[in-house]
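Asker: To start, I am sharing the structure in question, which I have written as structure tokens.
The values are calculated or read from the model by the stated rules, or taken from the named source; none is laboratory data. Treat the numbers as computed from the prediction; the structure is a model and nothing was measured. Please note: Cβ atoms are built from the backbone with ideal geometry, for glycine as well, and neighbour counts cover all protein chains shown.
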Amino acid sequence: MITPYSIAALIVAYLCGSIPTAVWIGQAFYGVDVREYGSGNAGATNTFRVLGKKAGIPVMLLDILKGWTATNLAFFIGVTTTGGVNSIPYTNYMLALGIAAVMGHLFPVFAGFRGGKGIATLFGMVLAIHLHAALLCVCMFIAMLLIFKYVSLGSICAGFTYLIGVAFVFPSNRSVVIYGMCMFLLILVTHQKNIERLLKGTESKVNLFKKKTA
């Protein structure tokens, strides 16, 4: 049901996702707009690449928090009108709000609509919706990162793992499965250039244990 509360929540979720943590932290503490360096994205991965772990870790955590917080706004608009937190309509509220936050991260109104790829915010969203599937994604991401050292490959594999998780490992309602399919397609679209570089063997690798040199 569309109500003034649900519309307001969607706007708040989008604005929450629009907070450009990578841009603001880079400019406030390093005098650097990360969008002008590296991959040109305002996300956690590019922050790690350009500014190192001291900036990348806070950006990543805050981006995850954006997705988690926005998705959980459903609690304030859906409990009394959807039959409780375990109902399908309530889950649909969560999905809509989480997607609004991801769109905010991709196209942030506070940063000229030039955002990141939304992986950390997506993870915050799936963390709120399905904890077990989210943890499965983390395991896959870490495994791919440690083995191949490609963040992009880890993100793509994690997205596919989430889809398999909600469809087969932890069977969920249809809305969550459809969202899993859309999320994986979104990851493929936003990582198109990364996929091309992976196929050419020119994608940048990361080493989380290497100290950033001046």
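Asker: Checking the structure you have, find out if any residue of the stretch 205-213 is more than 16 Å from the chain's Cα centre (by Cα) and closer than 16 Å to Lys117 by Cβ.
Answerer: Yes, the stretch 205-213 contains a residue that is more than 16 Å from the chain's Cα centre (by Cα) and closer than 16 Å to Lys117 by Cβ.
Asker: Which of the residues spanning the stretch 107-133 are surrounded by fewer than 21 Cβ atoms within 10 Å (Cβ to Cβ), part of a helix (DSSP H, G or I) and of a type in the set (A, V, I, L, M, F, W, C)? Reasoning before the result, please.
Answerer: Pass one, the stretch 107-133, residues surrounded by fewer than 21 Cβ atoms within 10 Å (Cβ to Cβ): 107, 109-114, 131-132.
The next check asks that each one be part of a helix (DSSP H, G or I); those that pass are 109-111, 131-132.
Result: Val109, Phe110, Ala111, Leu131.
Asker: Go through the stretch 1-36 and give me each residue that's within 14 Å of Val59 (Cβ to Cβ), outside any helix (DSSP H, G or I) and out of contact with any Pro (no Cβ under 6 Å at 6 or more places or on another chain).
Answerer: Within the stretch 1-36, Ile19, Val32, Asp33 meet the criteria.
Asker: Here's a follow-up. What is the one condition in (1) within 27 Å of Pro20 (Cα to Cα); (2) surrounded by 14 or more Cβ atoms within 10 Å (Cβ to Cβ); (3) at pLDDT 95 or above that Val206 does not satisfy?
Answerer: In the conditions (1) within 27 Å of Pro20 (Cα to Cα); (2) surrounded by 14 or more Cβ atoms within 10 Å (Cβ to Cβ); (3) at pLDDT 95 or above, Val206 misses (3) alone.
Asker: Of the residues in the stretch 23-52, how many are charged (D, E, K, R) and closer than 19 Å to Gly124 by Cα?
Answerer: Of the residues in that region, 0 qualify.
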